[in-house]
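What follows is a short report on a single structure.
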Amino acid sequence: MLLIARFWRRILTTAVVILICVGCSSVPNTAYNPWSVISVPTDAKLLDVGFTSDKQHGFIVGSNSAVLETKDGGNTWKEVPLQLDSENYRLTSVSFSGKEGWIVGEPALMLHTTDEGRSWSQIPLSEKLPGAPVSVVALGDNKAEMATNVGGIYQTSDGGKNWKAQVAEAVGFVRNMKRSPDGKYVAVSAKGNFYSTWEPGLNAWVPHNRNSSRRVENMGFTSDGKMWMIARGGQLQFSDPEKPEEWLEAQYPEFSTSWGLLDMAYRTPDEIWVTGGSGNLLRSADGGKTWEKDRDVEQVPANLFKVVFFSQDQGFVLGDRGGYLLKYQPDIASNTKLAPAA
């Protein structure tokens, strides 16, 4: 009995130490917090944000057919009533080029506007469309590119009346997908056990094995066109600039955290913001060599699953619970000198 008691005491002590370490973090604080928490009048999960050519005029889309509009740069938002046949659409992507905009969602749905969102028309999609639309990019002059959750990629040049397939075969269900400004794609498989890439001119996706035993959570493109990869357990990697098919040594921006990393975006060629679970928000001022943490947003009761920058002074972070949105404040940035990451 004494041996058993000692055994369980040792297990309990180890567990307590682990919990204490998990709650600690040696990552230094950012010099200030450039993000404001914006109240959004919806319980829907916010999934994407897009702006017209007017930086004050934008839209957010989300679950439960939610569409919200701002006319003051994202400080306030109002719901947009749409005449849809169901309130159960999961609107996954919104994109504008000038006054022309597109929204896609699941089950298969596409909306189109040519007047900055004052009116929206529904574009019929083929019943043979492989998968459901998860991404749309407005390319201007009735042109757009749409991707589905199984890797189908299509382009239209006539306002959505006709669509031309860019790949011969789908890649299979994906957990997330990113597009570079020059039209390249990277898609992570649903199980996170491999990823695939595609670029204009190829007729099929190119599969790649993951480079570790960790499940891949998300991938995207760096400011210079290379790739980044977030894997389970807070692991982050960048592709080798000299050997694009190889990856640099893995790093852990916040090694002691118990929350995973979820997304990443460049504000400038050197400044990176990484989001994560439970209000986790990290910043690197030197392209990912060193990191610091914005602890002023930890009180946000949501996983920060998406970060987007439209320019150096316009960015947003979306939470996975309705009503939570972070807005980047350029006025604070211009009046406060950021300390370099240490």
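The values are calculated or read from the model by the stated rules, or taken from the named source; none is laboratory data. What you see is a predicted model; the values in this text were computed from it and never measured. Don't worry about glycine lacking a Cβ; one is built from the backbone with ideal geometry, like all the others, and counts go over all protein chains shown. Remember, those area values only see protein heavy atoms, side chains included, never the ligands or the DNA or RNA. Shrake-Rupley method; radii C 1.70, N 1.55, O 1.52, S 1.80 Å.
Report yes if Leu139 is outside any loop (DSSP other than H, G, I, E, B), in contact (Cβ under 8 Å) with a residue 24 or more places away in the chain and surrounded by 19 or more Cβ atoms within 10 Å (Cβ to Cβ), otherwise no. No: the conditions fail for Leu139. Residues that are buried (at least 22 other Cβ atoms within 10 Å of the Cβ) and of a type in the set (Gly, Ala, Ser) were ranked within the range 225-239; the one that is farthest from Gly260 (Cα to Cα) is Ala231.
Of all residues in the range 151-160, one or more are without any contact (Cβ under 8 Å) to a residue 24 or more places away in the chain and open to solvent by less than 10 Å² (accessible area, probe 1.4 Å). Selection of strands (runs of 3 or more DSSP E) fully inside the range 47-136 by the criterion of at least 1 residues being of a type in the set (A, V, I, L, M) and exposed (fewer than 15 other Cβ atoms within 10 Å of the Cβ) returns nothing.
Among the residues of the range 78-94, is there at least one that is within 20 Å of Gly140 (Cβ to Cβ) and touching a residue at least 40 places away in the same chain (Cβ under 8 Å)? Yes, the range 78-94 contains a residue that is within 20 Å of Gly140 (Cβ to Cβ) and touching a residue at least 40 places away in the same chain (Cβ under 8 Å). The conditions of being polar (S, T, N, Q) and either on the phi > 0 side of the Ramachandran plot or at pLDDT 90 or above (or both) are met by Thr30. Checked against (1) farther than 24 Å from Val308 by Cβ; (2) open to solvent by less than 50 Å² (accessible area, probe 1.4 Å); (3) of a type outside the set (S, T, N, Q); (4) without any contact (Cβ under 8 Å) to a residue 40 or more places away in the chain, Tyr195 passes all but condition (1).
Taken together, the criteria exclude Lys178 from residues that are under 20 Å from the mean Cα position of the chain (by Cα), more than 14 Å from Ser93 (Cβ to Cβ) and touching a residue at least 24 places away in the same chain (Cβ under 8 Å). Among the residues of the range 266-281, those that are open to solvent by less than 10 Å² (accessible area, probe 1.4 Å) and in a strand (DSSP E or B) comprise Ile272, Trp273, Val274, Thr275, Gly276, Asn280, Leu281.
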